[in-house]
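So the structure is just underneath, and the comments pick up after that.
Computed from the coordinates by the stated procedures, all read-outs in this text should not be read as laboratory data. Remember, predicted model here, so these are calculated numbers, not experimental data. Here Cβ is always computed from backbone atoms with ideal geometry, including for glycine, and neighbour counts include all displayed protein chains.
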Amino acid sequence: MSSEPVEEYISDIGPPHYSEMLPPVIKNNYGKWKYHEVLKPGVLLHVAESGDKVYSVRVGSPRLLSVYTIKEVCDLADKYCDGYLRFTSRNNIEFLLTDESKIDPLIEEVEKLGFPVGGTWDTTNAKYALSNIVHTQGWIHCHTPAIDASGPVKALMDELFDHFKNMDLPGLCRISIACCLNMCGAVHASDISLVGIHRTPPVVDDDVVRRTCELPSTVAGCPTGALRPDMKNKTIKVDEEKCMYCGNCYTMCPGMPLFDPENGGVAILVGGKLSDARSPARLSKVVVPYLPNNPPRWPEVVDTIRRILEAWAAEAKPHERIAEWIDRIGWEKFFEKTGIDFRVQVIDDFKGSRWTFRTTTQFRW
Amino acid sequence: MSNEEFPLLSELKKGPWPSFVKEIEKTAEKKPEMKDLLKQLERSYEDKITYWKHGGIVSVKGYGGGVIGRYSFLAKECPGVAEFHTMRVNQPAGWFYTTKALRTICDIWEKYGSGLTNMHGSTGDIILLGTTTPNLQPCFNELAKNGFDLGGSGSALRTPSACVGPARCEFALIDTLDICHELTVTYQDELHRPMWPYKFKFKVAGCPNDCVASKARSDFAIVGTWRDEIKVNNEEVKKYAEQGVDIKVQVVDNCPTKCIEWDEEKKELKIDNSNCVRCMHCINVLPKALRPGDDRGAVILMGGKAPILEGPVMGWVVVPFMKLEPPYDNLKELAENVWDFWDENGKFRERLAELIERVGMMRFLEAIGVEPDPRQIKEPRTNPFYFWKEEDLKPRVDPWEIWRKAEKEM
């Protein structure tokens, strides 16, 4: 037996209490904010009932950060923000300042580190910057991705960089990327979402299935009933006619991967929104069923997104998001104006499809 | 690294947006084994396929989740990332940090892991990306000693998250940070020990703008709202108009129920609150002049989820209004009722929305003790196919008895 003293095992303590992490100006005015203004792209001013002011400088990040970069960011927060900072729900870093004169020197230093300031919007004046892209893990760390995630984000944000830096869009536009249908990034209610898809059925390795899979639950997990157990050989048979390549089986059973480098690719969905401002929140709809998975810069994807974004930005009324623009002009005009080919796969044949067919003679020519 | 060595990844070092490749390189400068991550990733870029194997059960003592096991198919070629597990660390509510706390996490992760992170993962956690099996327990112990704990994974409660809320937003109608923290610490067992049919997510948004995407990304979305009148300060409206804000175009024309009137001459805004749907648009445009009312609470929407399995779902309104005061017992009771029903009736890997759809919203509402309300639906059903219970009905009469009796009487 070991004679070492037994240390108390700490577990189930939960995260630190948020109040330990709040800068004094936030703590003192918690729940007592009166209004905000956007001073310039990337810089917000919030004014409290007490008259206190806090300036937020929003900084885009690739989400994937080394501890060395985080420490450099901490150095800046120590220098300019008394040792506090926060992150946003869209992977931005936010520096919170109380001294207005420190804003510009901070911006200069943080941009020197390679991190751009922007991503804000001024609703009062209907001037919107593109927000950062929410995304998933991709080839860096995931076992089910049909495409990479960080790569397409980098390629897109390079292309759309000016829209992040300048508030030059008519409404909010949120772009999100999920590298497979599991969608750990839950991108299905974004103005523009990209989803990695498979187009060929799983390839079953009987031996791996026997060693690693629970047959009944895997079979039961198929949403189209395309799987059946082969009890004699203790494996799974796939009815390829019924498979729509969702990949749920592979999530449950390592013996049936769907990867197919030359056939996997990207679907593009548009017109989702989460805010209930003006029109109700809604899910995104597929407009491009497939584009090739083309690393390192996914030119077909980047080009299509740019076309959608520009067609919308050129025509949208103040505050109008892509979904609301389409409400106004109709889907047929959306395809016309963006130059996107209307392909048969866009017509729903999964569950609930009957609600998506048009039942009126009202259309635009 | 030389650009010749990893030509495809080097392409992603170019351009104005910060490069994730440079971040990986930064770790490789300090930790030579991280060069193997670049090597494996370059190979993925060449071959257009992942080289990470499926799962692997690894954890820390007493926990059933919080660590995602990850092994490489290229273990021989890239031994530095042969084992490359993720640790999910529960973020403080609202993602606020002191630099001291962040540096502590960085130091621990530099010592025990790859030095690579996600700030933050899709669910909200701090993601510590890549370590070996032997390092998991000491890393966890050190995190715990410094006040941090793991988040959720697998068929468990996932780490709740919240928008910035009252910490820095005048629109916050509920205390998102406090609700998030309170739920997180109350349900540590549910978070750390997977025991359900599948995952379950809470998200807390302070107002209908939903900056934390709760409606689409959580099974149980808590969204702030109000019931009384919008507070109008016409002096401030006037100032906005004088500054050049076109009140008609920006505000009136965008009101979804056309319940706002603008008197251009008097510079006066009037709202018919009885027809206002509390969408936030006018308040978003004129934050100095318009404020939500004081009768504040939350809408609870349930079932939000991504496409796997039966298609994506935007959360469905279950409770149109609920007052929320610490310690939020009413909220917890509701969540626990939902879990009881899901536990009893849910199939393996069936999310809440799929269960509700299978058993019917009517039965679900009854099981969790929620009264029907027209605010729960977009429109009533178009079919009369519904269930009745015995107590709704008079005693059953047998039609055959009636007819046979009539025949006898003839």
Notebook entry, point to check: With the Cα gyration tensor of the range B:186-226 giving a ≥ b ≥ c as the square roots of its eigenvalues, does the rule (a/c under 1.5 for rounded; else a/b larger than b/c for prolate; else oblate) give rounded, prolate or oblate?
Noted result: prolate
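How well do other chains shield peptide A:146-152, expressed as the mean number of their Cβ atoms within 10 Å of each residue Cβ? Don't jump to the answer; show the numbers that get you there.
Values: counts 3, 2, 7, 1, 8, 9, 0.
Mean inter-chain Cβ contacts per residue within 10 Å come to 4.
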Next item on the list: Please build a GNM for chain B, connecting alpha carbons under 10 Å apart, and tell me which residue among B:390, B:268, B:190 fluctuates the most.
Entry: B:390
Note to self: From the mean inverse distance of alpha carbon pairs (Kirkwood) and the Cα radius of gyration, derive Rg over Rh for the range A:219-263.
What the structure shows: 0.96
Checklist line | Estimated vicinal HN-Hα couplings, Hz - the range B:5-18 in sequence order (Karplus 6.51, -1.76, 1.60; Gly, Pro = x) | finding: 5, 10, x, 6, 5, 4, 4, 8, 8, 7, x, x, 6, x
Next item on the list: For the range B:30-173, just list the percent of Cα-Cα distances falling in each 5 Å bin from zero outward, please.
Entry: 2, 9, 18, 20, 18, 14, 10, 5, 3, 1, 0
Note to self: Considering only C-alpha atoms, what is the centroid distance from the range A:208-256 to the range B:129-163, in Å?
What the structure shows: 31 Å
Next item on the list: Determine the dipole magnitude for the range A:256-365: charges of +1 sit on the beta-carbon of Lys and Arg, -1 on that of Asp and Glu, nothing else is charged, the reference point is the Cα centre, and the result goes in debye to the nearest 20.
Entry: 440 debye
Item checked: Top positive-direction residue, dipole computed over the range B:180-285 with Cβ charges, set B:237, B:223, B:247 -> B:223
Next item on the list: Rank by packing, highest mean first: peptides A:79-92, B:46-59, A:187-200, with packing defined as the count of other Cβ atoms within 10 Å averaged across residues.
Entry: A:187-200, A:79-92, B:46-59
Next item on the list: Quote the Stokes-Einstein diffusion coefficient, in whole µm² s⁻¹, for the range A:259-317, based on the Kirkwood radius over alpha carbon pairs, a temperature of 20 °C and a viscosity of 1.002 mPa s.
Entry: 161 µm²/s
Item checked: Convex hull per residue volume in Å³, alpha carbons only, for the range B:256-410 -> 241 Å³
Margin query: Let me check the size of the range A:120-166 from its C-alpha atoms; what are the radius of gyration and Dmax in Å?
Written below: 14.0, 44
Check: aspartates and glutamates within cross-link reach of residue A:232: Cα-Cα under 20 Å, excluding same-chain residues under 8 positions apart?
Finding: A:205, A:206, A:207, A:214
Next item on the list: Name the residues whose placed amide hydrogens come within less than 5 Å of the amide hydrogen of residue B:70, ignoring near sequence neighbours (fewer than 5 apart) on the same chain.
Entry: B:84, B:85, B:86
Next item on the list: Could you work out the mean count of beta carbons from other protein chains within 10 Å of each residue's beta carbon in B:67-76?
Entry: 1
Checklist line | Residue among B:45, B:153, B:101 farthest towards the positive dipole end of chain B, charges placed on Cβ | finding: B:45
Checklist line | Antiparallel DSSP beta bridges within the range A:102-214, as percent of all bridges there, nearest 5 | finding: 35 percent
Note to self: Which of A:139, A:365 has the fewest other C-beta atoms within 10 Å, and how do the rest follow up to the most?
What the structure shows: A:365, A:139
Check: What order do you get for B:24-37, A:102-115, A:61-74 when each peptide is scored by the mean count of other beta carbon atoms within 10 Å, highest first?
Finding: A:61-74, B:24-37, A:102-115
Note to self: Considering only C-alpha atoms, what is the centroid distance from the range A:25-68 to the range A:311-365, in Å?
What the structure shows: 37 Å
Check: Quick one: what do you get for chain A if you divide its Cα Rg by 2.2 N^0.38 Å?
Finding: 1.17
Next item on the list: Neighbouring Cβ atoms within 10 Å as the yardstick, rank B:386, A:290 fewest first.
Entry: B:386, A:290
Next item on the list: Would you mind telling me the antiparallel percentage of the DSSP bridges in chain B, rounded to 5?
Entry: 80 percent
Check: What do you get for Rg/Rh of the range B:90-166 when both radii come from the Cα atoms and Rh is the Kirkwood radius?
Finding: 0.95
Notebook entry, point to check: Using unit Cβ charges (K, R positive; D, E negative) and no other charged atoms, how large, in debye to the nearest 20, is the dipole of chain B about its Cα centre?
Noted result: 940 debye
Margin query: If the reach is capped at under 20 angstrom between alpha carbons, list the aspartates and glutamates near residue B:39, excluding any in the same chain fewer than eight residues apart.
Written below: A:148, B:4, B:5, B:11, B:23, B:25, B:29, B:47, B:77, B:83
Next item on the list: Convert each backbone phi in the range B:336-350 into a coupling constant with the Karplus relation 6.51 cos²θ - 1.76 cosθ + 1.60 (shift: θ = phi - 60°), then list the ³J(HN,Hα) values in order as whole Hz, x for Gly and Pro.
Entry: 5, 4, 4, 4, 4, 5, 5, 4, 6, 10, x, 8, 3, 6, 9
Next item on the list: Would you work out which of A:250, A:69, A:5 lies farthest towards the positive end of the dipole of chain A? Charges go on Cβ: Lys and Arg +1, Asp and Glu -1.
Entry: A:250
Margin query: Based on the alpha carbons, how large is the Rg to Rh ratio for the range B:1-72 when Rh follows Kirkwood?
Written below: 1.07
Check: With the contact rule set at Cα under 8 Å and sequence spacing of 6 or more, what percent relative contact order holds for the range A:207-299?
Finding: 22 percent
Notebook entry, point to check: Quick one: if you stick a label point 7 Å off each Cα along the C-beta vector at residue B:376 and residue A:79, how many nm between them?
Noted result: 5.7 nm
Checklist line | Cα-projected label distance for residue A:354 with residue A:203, points at 7 Å along beta-carbon direction, nm | finding: 4.0 nm
Checklist line | Per-residue ³J(HN,Hα) for the range A:168-179, Karplus 6.51 cos²θ - 1.76 cosθ + 1.60, θ = phi - 60°, Hz, x for Gly and Pro | finding: 10, 9, x, x, 5, 9, 10, 9, 9, 10, 10, 8
Check: Rule-of-thumb check for the range B:253-296: C-alpha Rg over 2.2 N^0.38 Å?
Finding: 1.15
Note to self: Highest mean first, how do A:168-176, A:267-275 rank when packing is the count of other Cβ atoms within 10 Å averaged over residues?
What the structure shows: A:267-275, A:168-176
Checklist line | Taking the range B:266-410 and dividing mean pair separation by its residue count, relative contact order in percent (alpha carbons under 8 Å, at least six apart) | finding: 17 percent
Checklist line | Kirkwood-type radius of the range A:233-346, with distances r between different C-alpha atoms, in Å | finding: 16.7 Å
Item checked: Total lysine pairs whose alpha carbons fall under 13 Å of each other in the range A:7-128 (8 or more apart, or interchain) -> 6
Notebook entry, point to check: If contacts are Cα pairs under 8 angstrom and at least 6 residues apart, what is the relative contact order of chain B in percent?
Noted result: 10 percent
Next item on the list: Please work out whether the range A:182-274 counts as rounded, prolate or oblate from its C-alpha gyration tensor, where a ≥ b ≥ c are the square roots of the eigenvalues and a/c under 1.5 means rounded, while otherwise a/b larger than b/c means prolate and anything else oblate?
Entry: prolate
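So for the range B:43-125, what are the equivalent ellipsoid semi-axes in whole Å, largest first, each being the square root of 5 times an eigenvalue of the Cα gyration tensor?
Working: eigenvalues 139, 48, 37 Å².
Equivalent ellipsoid of the range B:43-125: 26, 15, 14 Å, largest first.
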Next item on the list: Taking the Cα centre of the range B:45-203 as origin, work out the dipole magnitude from +1 charges on Lys and Arg Cβ and -1 charges on Asp and Glu Cβ, in debye rounded to 20.
Entry: 240 debye
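Out of every Cα-Cα pair in chain B, what percent are more than 41 Å apart?
On the way: 28067 of 83845 pairs.
So the portion of pairs separated by more than 41 Å is 33 percent.
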Note to self: With bins 20 Å wide starting at 0, give me the P(r) of the protein assembly as shown over every alpha carbon pair, in whole percents.
What the structure shows: 16, 51, 28, 4, 1, 0
Next item on the list: Give me the percent of Cα-Cα pairs in the range A:1-147 that sit more than 22 Å apart, rounded to a whole number.
Entry: 51 percent
Check: If you count, for every residue in A:205-212, the Cβ atoms of partner chains within 10 Å of its Cβ, what is the mean?
Finding: 0
